[in-house]
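To keep things clear, I will list the structure first and then write my remarks on it.
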Amino acid sequence: MKVDHLTKRFGTFTALDDVSFSLRPGCTSLLGENGAGKTTLLNMMARVTTPTSGKLIGHDSIRIGYLPQRPALYPSLTPVETIRYAGELTGTKPDPVKLLARVGLDPVDRPASQLSGGMRQRLGIAQALVHDPELLLLDEPVSALDPRGRREVLDLLSDLKRERMILYSTHVLPDAEEASDWVLLLRQGKLLMEGTVTDLLGSKSSIQLRLFADETTEDVWRALPGVVRVTRSGTSWELETSAKDVTEQAILRTILERGLRVQSLHVGHPSLESLFLEVNA
């Protein structure tokens, strides 16, 4: 499936501006700040709304399942009744108990209006899977879940992506980094970048330094050779560098010269979160 120069306007406001990309098998995450155009894009791909211009190629020939940000559930129906009714609407005969178990939800005898936010989210995912879609669209699927529920949904996505294309929006960047095969980054309605997590993060390294009684300033670390970005959180510094070995040596010299006391020093790779903050700065 291909998104080709898709644009959506509401009056004079452009919510999505000339966006093009191809979806591929596996799990693709859609990242962006509030108002970036993520939900607008998903709504068009789910046939909820139509684009102002541009087109969706291959869109009409595949089955699509959609979980909106707030699951669309009939408040008086139990989970089993919800799945059966969705099956009738799609002309399928799913096994409600089996499908609910797949998303970690017991077939409780309570209407949707009495379910917790996390249970409603799971029920919404199950409802989107009723007709075995080839493309699954999920708008913030882990937003209402506790850590255990998020873990279960991530495991579910890892399982589901073997059989279909998945596109989901999220603000939980570590989850996107873990679950995604491909990443799309939107800003103010425009697609800024796309690629694998490895491609987007490139060859930079990340050095995380935590000090006791830290009185250093950002200028101290930014002046070190190879450093391209510095961020601080409490007594922790994160330095992104394009020359890891050179920067490491400079850090050690600075620690010795200033008599700094080190709690921890860790070398790794930049996260999607740091990329997201850099792009949206």
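The values are calculated or read from the model by the stated rules, or taken from the named source; none is laboratory data. What you see is a predicted model, and the numbers here were worked out from it, not measured in a lab. Cβ coordinates were reconstructed from backbone atoms using ideal geometry, including for glycine residues, and neighbour counts include every protein chain displayed. To get the accessible areas, we keep the full protein, side chains included, count just its heavy atoms, and leave off ligands, DNA and RNA. Shrake-Rupley method; radii C 1.70, N 1.55, O 1.52, S 1.80 Å.
Among LEU89, LEU73, which is the only one that is over 27 Å from PRO25 (Cβ atoms) and at pLDDT 90 or above? Walk me through it before giving the result.
Details: LEU89 fails: over 27 Å from PRO25 (Cβ atoms).
So the residue among LEU89, LEU73 that is over 27 Å from PRO25 (Cβ atoms) and at pLDDT 90 or above is LEU73.
Name the residue that is nearest to LEU156 (Cα to Cα), counting only residues in segment 21-43 that are open to solvent by less than 40 Å² (accessible area, probe 1.4 Å), touching a strand residue (DSSP E or B) at 6+ places or on another chain (Cβ under 6 Å) and part of a strand (DSSP E or B).
Within segment 21-43, the match that is nearest to LEU156 (Cα to Cα) is CYS27.
The rows are residues; the columns are (1) of a type in the set (Phe, Trp, Tyr); (2) open to solvent by 60 Å² or more (accessible area, probe 1.4 Å); (3) in a helix (DSSP H, G or I).
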site	(1), (2), (3)
ASP175	no, no, yes
SER206	no, no, no
LEU224	no, no, no
ARG229	no, no, no
GLU248	no, no, yes
ILE255	no, no, yes
PHE276	yes, no, yes
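Can you find, within segment 64-81, the residue that is most open to solvent (accessible area, probe 1.4 Å) among those that are farther than 17 Å from LEU138 by Cβ and touching a Leu at 6+ places or on another chain (Cβ under 8 Å)? Step through it out loud before you land on a result.
The first filter runs over segment 64-81 and keeps only residues farther than 17 Å from LEU138 by Cβ, leaving 74-81.
From the residues that got through so far, the ones that are touching a Leu at 6+ places or on another chain (Cβ under 8 Å) too are 79-80.
Numbers: PRO79: 0, VAL80: 26 Å².
My answer is VAL80.
List pairs: first in segment 143-156 and surrounded by fewer than 16 Cβ atoms within 10 Å (Cβ to Cβ), second in a helix (DSSP H, G or I), Cβ under 7 Å, 6+ apart or cross-chain?
Close Cβ pairs (under 7 Å, with a partner that is in a helix (DSSP H, G or I)) amount to ASP146/GLY118.
Filtering segment 157-171 down to residues that are farther than 20 Å from GLU33 by Cβ and under 12 Å from the mean Cα position of the chain (by Cα), which residue is surrounded by the fewest Cβ atoms within 10 Å (Cβ to Cβ)? Steps first, answer last, please.
Residues of segment 157-171 farther than 20 Å from GLU33 by Cβ: 157-166.
Of the ones still in play, those that are also under 12 Å from the mean Cα position of the chain (by Cα) are 157, 166.
Numbers: LEU157: 23, ILE166: 25.
Per the stated criteria, the residue is LEU157.
List every residue pair whose Cβ atoms lie under 6 Å apart, where the two residues are 6 or more positions apart in sequence or sit on different chains, the first residue falls within segment 91-105 and is within 11 Å of LEU129 (Cβ to Cβ), and the second residue, located anywhere, is aromatic (Phe, Trp, Tyr) and open to solvent by 20 Å² or more (accessible area, probe 1.4 Å).
Partner pairs satisfying both residue conditions: none exist.
So, SER61, is that one modelled with pLDDT under 95, more than 22 Å from the chain's Cα centre (by Cα) and either of a type in the set (Phe, Trp, Tyr) or surrounded by fewer than 21 Cβ atoms within 10 Å (Cβ to Cβ) (or both) or not? Before you say what the answer is, go through the steps one by one.
Values: modelled with pLDDT under 95: yes; more than 22 Å from the chain's Cα centre (by Cα): yes; either of a type in the set (Phe, Trp, Tyr) or surrounded by fewer than 21 Cβ atoms within 10 Å (Cβ to Cβ) (or both): yes.
Judged against the criteria, SER61 is a match.
Assess whether SER242 counts as being open to solvent by 30 Å² or more (accessible area, probe 1.4 Å), on the phi < 0 side of the Ramachandran plot, in contact with a Lys or Arg (Cβ under 6 Å, 6 or more places away or on another chain) and modelled with pLDDT under 90.
Details: open to solvent by 30 Å² or more (accessible area, probe 1.4 Å): yes; on the phi < 0 side of the Ramachandran plot: yes; in contact with a Lys or Arg (Cβ under 6 Å, 6 or more places away or on another chain): yes; modelled with pLDDT under 90: yes.
Considered against the rule, which asks whether it is open to solvent by 30 Å² or more (accessible area, probe 1.4 Å), on the phi < 0 side of the Ramachandran plot, in contact with a Lys or Arg (Cβ under 6 Å, 6 or more places away or on another chain) and modelled with pLDDT under 90, SER242 comes out as yes.
Looking only at segment 44-69, how many residues end up being touching a residue at least 24 places away in the same chain (Cβ under 8 Å) and either touching a Cys at 6+ places or on another chain (Cβ under 7 Å) or not in a strand (DSSP E or B) (or both)?
Taking segment 44-69 first, the residues touching a residue at least 24 places away in the same chain (Cβ under 8 Å) are 44-46, 49, 51-59, 62-69.
Then keep just the ones that are either touching a Cys at 6+ places or on another chain (Cβ under 7 Å) or not in a strand (DSSP E or B) (or both); that gives 44-46, 49, 51-52, 58-59, 62-63, 68-69.
Result for segment 44-69: 12.
Just to be sure I understand the filter: pairs with C-beta atoms under 7 Å, separated by 6 or more residues or on different chains, first member in segment 127-141 and open to solvent by 10 Å² or more (accessible area, probe 1.4 Å), second member of a type in the set (S, T, N, Q). Which pairs pass?
GLN127/THR82; VAL130/THR90; VAL130/THR92; HIS131/THR90; HIS131/THR92; GLU140/GLN69; GLU140/SER169; GLU140/THR170
Inspect segment 45-62 for any residue being within 28 Å of GLU177 (Cβ to Cβ) and of a type in the set (Ser, Thr, Tyr) and give the result as yes or no.
no
Quick one: which of LYS93, LYS8 is among the basic types (Lys, Arg) and not in a loop (DSSP other than H, G, I, E, B)? Lay out the reasoning, then the answer.
Values: LYS93 fails: not in a loop (DSSP other than H, G, I, E, B).
LYS8 is the lone residue from the list that is among the basic types (Lys, Arg) and not in a loop (DSSP other than H, G, I, E, B).
Only one of VAL197, VAL262 is touching a Lys or Arg at 6+ places or on another chain (Cβ under 8 Å) and either modelled with pLDDT under 90 or exposed (fewer than 14 other Cβ atoms within 10 Å of the Cβ) (or both); which?
VAL262
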